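The values are calculated or read from the model by the stated rules, or taken from the named source; none is laboratory data. This is a predicted model, so every value here is computed, not measured. Don't worry about glycine lacking a Cβ; one is built from the backbone with ideal geometry, like all the others, and counts go over all protein chains shown. For the accessible areas, the whole protein counts, side chains as well, though only heavy atoms, and no ligand, DNA or RNA atoms are used. Shrake-Rupley method; radii C 1.70, N 1.55, O 1.52, S 1.80 Å.
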Amino acid sequence: QVQLVESGGGLVQAGGSLRLSCAASGSTTTIDAFGWYRQAPGKQRELAARISSGGSPNYADSVKGRFTISRDNAKNTLYLQMNTLKPEDTAVYYCNLHRPWRDYWGQGTQVTVSS
């Protein structure tokens, strides 16, 4: 079983930065891929960024050039560095661990960007 706990959300002004962290506990493996998803009020959950087991990142077009996803396998921790934040980045951000046979989710952390 795997548990994911996000932290680092908060309120920030437009143009500011935040760094999200996701601590994974339990049995993680080297084949695990991770991702950050977000869900704004009244909208569906969407992918913001993901990183493969080998460390290759992918980003949604809306965050490309502003967000950076990274992982520290030794610490079992996933990060999302968010720069030049915009009001439209306001959402609950969820950490995801993906395996071919199932997905795990954190409880989410709120990010609010004021204009």
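Taking Lys and Arg as +1 and Asp and Glu as -1, the other residues whose beta-carbon sits under 15 Å from that of A23 total 0.
Extension gain, T77 to S25: 0.36 nm times the residue separation minus the Cα-Cα distance gives 17.8 nm. Dipole of segment 39-115 computed with +1 at Lys/Arg Cβ and -1 at Asp/Glu Cβ about the Cα centre; of G55, C95, G106, farthest Cα towards the positive end is G55. Each other residue within a Cβ distance under 12 Å of F67 adds +1 if Lys or Arg and -1 if Asp or Glu, for a net charge of +4. Placing +1 on the Cβ of every Lys and Arg and -1 on the Cβ of every Asp and Glu, with nothing else charged, gives the chain a dipole about its Cα centre of roughly 60 debye.
Can you give the % of DSSP beta bridges in the chain that are antiparallel, to the nearest 5?
Working: 40 of 44 bridges.
Of all bridge pairs located within the chain, approximately 90 percent are antiparallel.
For the pair segment 1-29 / segment 41-115, the C-alpha centres are spaced 8 Å from each other.
Probing with 1.4 Å while keeping every protein chain in the model, the per residue accessible area of the chain equals 53 Å². Here the accessible area is traced with a 1.4 Å probe on the protein chains. For the chain, carbon and sulfur cover 49 percent of it.
Here's the list of aspartates and glutamates a cross-link from K43 could span, going by alpha-carbon distance under 20 Å and ignoring same-chain residues fewer than 8 apart: D61, E88, D89.
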